[in-house]
Amino acid sequence: MNLLKKLEENLVNKDGIWVCNDIDNISYPSDGNAQCYQVENDSFWFNHRNKVIQALAQIYVQRDQTFLDVGGGNGFVSLGLQEIGYLNSALLEPGHVGCINAKARGLRIIINSTAENCNFFINSVPCVGAFDVVEHIQNDLEFVSTLNQMIVPGGTILITVPALKVLWSEEDRRAGHYRRYTRKSISKLLIESGFEVYYSSYFFSFLIVPIYLKRVLGSLLRFKSKPNSHEEINELDSNDHVKKNSLIGRIVNVFSNAELFVIRKLSVIPIGSSIIIVAKKKE
């Protein structure tokens, strides 16, 4: 697919960002991208998620293929893919602030639009990613079916979502979430949308207890917690994201490296606060 040619034919380039002027409303806090931008670079959460995504991309996606990161916020995932050789990785993000931040980071291809407004991509994208996006969509089946239409037959989709209904809390509502998933429920959604599932696993296994104690049990006991606006921040608190030189940071690194080892072997982590799934569009 000649991505730039399609963009030139359908969108307007404004200061290096391809813009769609008709953007639908989304269930996402208005300051979500700005808050995430403050912590992403140093966050163990964002960096571990990136490593998990990259590990599976290197198995299932060719480096010369277009990788469209749908709802990719500030471009942290897209830039990470670009830096490991996926030079055709592109950000598709409806929030203008996220697009500006992605441009400042040096991302090459940025599209300010929603998937629903990009019908010119039908049957033309080799790979689509949606990382902690689907839970923000009320009709997730319709949304994932839209992504299916964008992908070439036999093309790949990678998705991450928050996991386990037992971890649902007020923080999910503040973040604009409609649900949390299980491996079974996200697999069912992809199959009903026309995909064949190749791999799925939980990850962030080491966050289940902290999230439950701080968010779920804390809410039940009416502890007041600082309101945060997005899942990546509120899985803990923004202050908990940077622990590189602490004992907790070293423990987190041990668990993170163990999870990466398992995922690179395409083995399955049986439980965690997030899920990653890889599927291919039926031919």
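The values are calculated or read from the model by the stated rules, or taken from the named source; none is laboratory data. A quick note: this is a predicted structure, and the numbers were derived from the prediction, not measured. In this analysis, Cβ positions are derived from the backbone assuming ideal geometry, glycine residues included, and neighbour counts consider all displayed protein chains.
Consider Leu92 against the criteria (1) touching a strand residue (DSSP E or B) at 6+ places or on another chain (Cβ under 6 Å); (2) touching a residue at least 60 places away in the same chain (Cβ under 8 Å); (3) of a type in the set (A, V, I, L, M, F, W, C): it satisfies all of them except one. Which criterion is unmet? Every listed condition holds for Leu92 apart from (2).
Output the residues belonging to region 169-213 that are of a type in the set (Val, Ile, Thr), under 15 Å from Leu147 (Cα atoms) and surrounded by fewer than 16 Cβ atoms within 10 Å (Cβ to Cβ). Correct list: Ile191 only. Filter region 94-107 down to residues that are touching a helix residue (DSSP H, G or I) at 6+ places or on another chain (Cβ under 8 Å) and either at pLDDT below 95 or of a type outside the set (D, E, K, R) (or both) and give me whichever is surrounded by the most Cβ atoms within 10 Å (Cβ to Cβ). Checked region 94-107; the qualifying residue surrounded by the most Cβ atoms within 10 Å (Cβ to Cβ) is Ala102.
Residues in region 180-194 that are under 18 Å from the mean Cα position of the chain (by Cα), farther than 15 Å from Ser273 by Cβ and not hydroxyl-bearing (Ser, Thr, Tyr): Leu189, Leu190.
Rundown of residues vs (1) in a helix (DSSP H, G or I); (2) buried (at least 16 other Cβ atoms within 10 Å of the Cβ); (3) at pLDDT below 95; (4) not β-branched (Val, Ile, Thr), yes/no style:
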site: Arg215; (1), (2), (3), (4): yes, yes, yes, yes
site: Gly218; (1), (2), (3), (4): yes, yes, yes, yes
site: Val242; (1), (2), (3), (4): no, no, yes, no
site: Arg250; (1), (2), (3), (4): yes, no, yes, yes
site: Asn257; (1), (2), (3), (4): yes, no, no, yes
site: Ile277; (1), (2), (3), (4): no, yes, no, no
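Residues being part of a strand (DSSP E or B) and within 26 Å of Asn74 (Cβ to Cβ) are entirely absent from region 132-150.
Here Gln62 meets each of (1) at pLDDT 95 or above; (2) crowded, with 19+ Cβ neighbours inside 10 Å; (3) out of contact with any helix residue (DSSP H, G or I) (no Cβ under 7 Å at 6 or more places or on another chain); (4) not small (Gly, Ala, Ser) with one exception, condition (2).
When region 115-131 is examined, which residues are found to be free of Cβ contacts under 8 Å to residues at least 40 places away in the same chain and assigned to a loop (DSSP other than H, G, I, E, B)? Full working, then the answer.
Here is the first cut: in region 115-131, the residues free of Cβ contacts under 8 Å to residues at least 40 places away in the same chain are 119, 122-123.
Ile122, Asn123, listed by residue number.
Listed by position, the strands (runs of 3 or more DSSP E) enclosed by region 1-108 that each have at least 1 residues that are of a type in the set (D, E, K, R) are 12-14, 67-70. Note on region 43-58: among residues that are touching a residue at least 40 places away in the same chain (Cβ under 8 Å) and within 19 Å of Val125 (Cβ to Cβ), the one that is nearest to the chain's Cα centre (by Cα) is Ile53. Considering (1) of a type in the set (A, V, I, L, M, F, W, C); (2) farther than 22 Å from Tyr178 by Cα; (3) crowded, with 19+ Cβ neighbours inside 10 Å, the lone condition that Phe120 does not fulfil carries the number (3).
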